[in-house]
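Novice: I'd like to ask you about the structure that follows.
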Amino acid sequence: MQSSYLFRLTVKFFKYFLSAVFGFAIAYLVSVSFGTSGVVIIILHFIGPWFGRFAILLFCLMIVTTLLESLR
């Protein structure tokens, strides 16, 4: 059985979201090791709300995808 377009789109968004979160985690660890954690904290202060909004949007998209796939 082939997965739907919405399922593939959700998986792709989830993959990129996790890649971005892990990328910021690695950047934070590297900046702490070099002693410049203040820069990452300032950047995270501006980008953090967008991560939260995108996480909520992605969660809703996962719920809709699950419901539509179960009805199929």
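Novice: Restricting attention to region 33-72, and to residues there that are free of Cβ contacts under 8 Å to residues at least 12 places away in the same chain and not in a helix (DSSP H, G or I), which single residue is nearest to residue 15 (Cα to Cα)?
Specialist: Only one residue tops the list, namely 36.
Novice: A further question on this structure: Given the structure, is residue 29 within 30 Å of residue 71 (Cβ to Cβ), of a type in the set (A, V, I, L, M) and surrounded by 11 or more Cβ atoms within 10 Å (Cβ to Cβ)?
Specialist: The answer is no for residue 29.
Novice: Please pick out the residue among 9, 67 that is loosely packed, with under 12 Cβ neighbours inside 10 Å and over 13 Å from the mean Cα position of the chain (by Cα).
Specialist: 67
This table checks each residue for (1) among the hydrophobic types (A, V, I, L, M, F, W, C); (2) at pLDDT below 90.
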{"position": "2", "(1), (2)": "no, yes"}
{"position": "15", "(1), (2)": "no, no"}
{"position": "19", "(1), (2)": "no, no"}
{"position": "23", "(1), (2)": "no, no"}
{"position": "35", "(1), (2)": "no, yes"}
{"position": "47", "(1), (2)": "yes, yes"}
{"position": "60", "(1), (2)": "yes, no"}
{"position": "69", "(1), (2)": "no, yes"}
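Novice: Of the numbered conditions (1) assigned to a helix (DSSP H, G or I); (2) surrounded by 10 or more Cβ atoms within 10 Å (Cβ to Cβ), residue 3 fails exactly one; give the number of that condition.
Specialist: Result: residue 3 fails condition (1) only.
The values are calculated or read from the model by the stated rules, or taken from the named source; none is laboratory data. Keep in mind it's a predicted model, so treat the numbers as computed, not measured. Note: ideal-geometry Cβ built from the backbone for every residue, glycine included; neighbour counts use all protein chains shown.
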